[in-house]
Structures are given as structure tokens and as C-alpha cells.
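Asks: Sharing a structure with you now.
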Amino acid sequence: MTVEVTSGLHAGEQVIVQFILEAALLSVLGGTVGLGVVHGLTVVVTDTFKLPYEFDTSIAMLALGSALLVGVGAGLPPALRASQIDPVQALRSQ
């Protein structure tokens, strides 16, 4: 990231957008994997104990939306800090 900023490829707002997109992608990916694991385990348990189970897509979308909201919310403060860092200072500190 620092190399991109120093080479002039990204400035302020573009750094924020890149961080937020990364946070969104990782959040949706994590939410999807989590949803798949939980669904798979639920199917195994319900089949084992002969329990009723119906997959509800609206609940799944709510879960993915929540994962996205939390991920972007958690990624926003670091994105704002990264957009305000002087690239030369960031390179020196590493």
C-alpha cells in the first residue's frame, strides 16, 4: 500500500476506497464461509437426530449483511488513518 501511495497511484480518498473494498470483500467471504459451515453442521445434526430443518434465505442474507456491516465498520478507522499518513514517513518507519 505504501509503495502505491508513494508512486502516485493512490491518494487520500482512493486509499480509503481500497481499504473499504478489502474489508467488504473479506467480510463477505468470511460470512459466506461461516454460513456454509453452520449450514453443513446443522444439516448433519438434524439428519442425525431426525429434526426438522429448513434453510431460510432471508436469515442468511441478514447474516451476510451483518458481516458486511461489521467488517466495513471495523475497516473504516484504519482506512481513515492510512489516508492521512505521509507515505515517506510510513516507509521510514518500516
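Asks: Does anyone have the angle between helix 12-48 and the longest principal axis of the chain? Alpha-carbon axes, 0 to 90°, nearest 10?
Replies: 20
Asks: So if I place +1 on the C-beta of Lys and Arg and -1 on the C-beta of Asp and Glu, and nothing else carries charge, what would the dipole magnitude of the chain be about its Cα centre? I want it in debye, nearest 20.
Replies: Working: 3 positive and 7 negative charges, 42 e Å.
So the magnitude is around 200 debye.
Asks: For the stretch 24-73, go through all pairs of different Cα atoms, get the mean of 1/r, take its inverse, and jot down that Kirkwood value in Å. Let's see the in-between values first.
Replies: Details: mean 1/r = 0.0860 Å⁻¹.
Averaging 1/r across every pair of different Cα atoms and inverting gives 11.6 Å.
Asks: If each DSSP helix of 4+ residues adds -39,500 (n - 2.57) and the sum is divided by the residues in the chain, what number results at 222 nm, nearest 500 deg cm²/dmol? All intermediate terms of the calculation are to be shown ahead of the outcome.
Replies: Values: 4 runs with 77 residues, N = 94.
Helix contribution divided over all residues of the chain: -28000 deg cm²/dmol.
Asks: Report Rg (one decimal) and Dmax (nearest whole number) for the chain, counting Cα atoms only, units Å.
Replies: 19.6, 63
Each reported figure results from applying straightforward, stated rules to the coordinates on display, with no laboratory input. What you see is a predicted model, and the numbers here were worked out from it, not measured in a lab. A quick note on method: Cβ atoms are made from the backbone with ideal geometry, for glycine too, and the neighbour counts reach across all protein chains shown.
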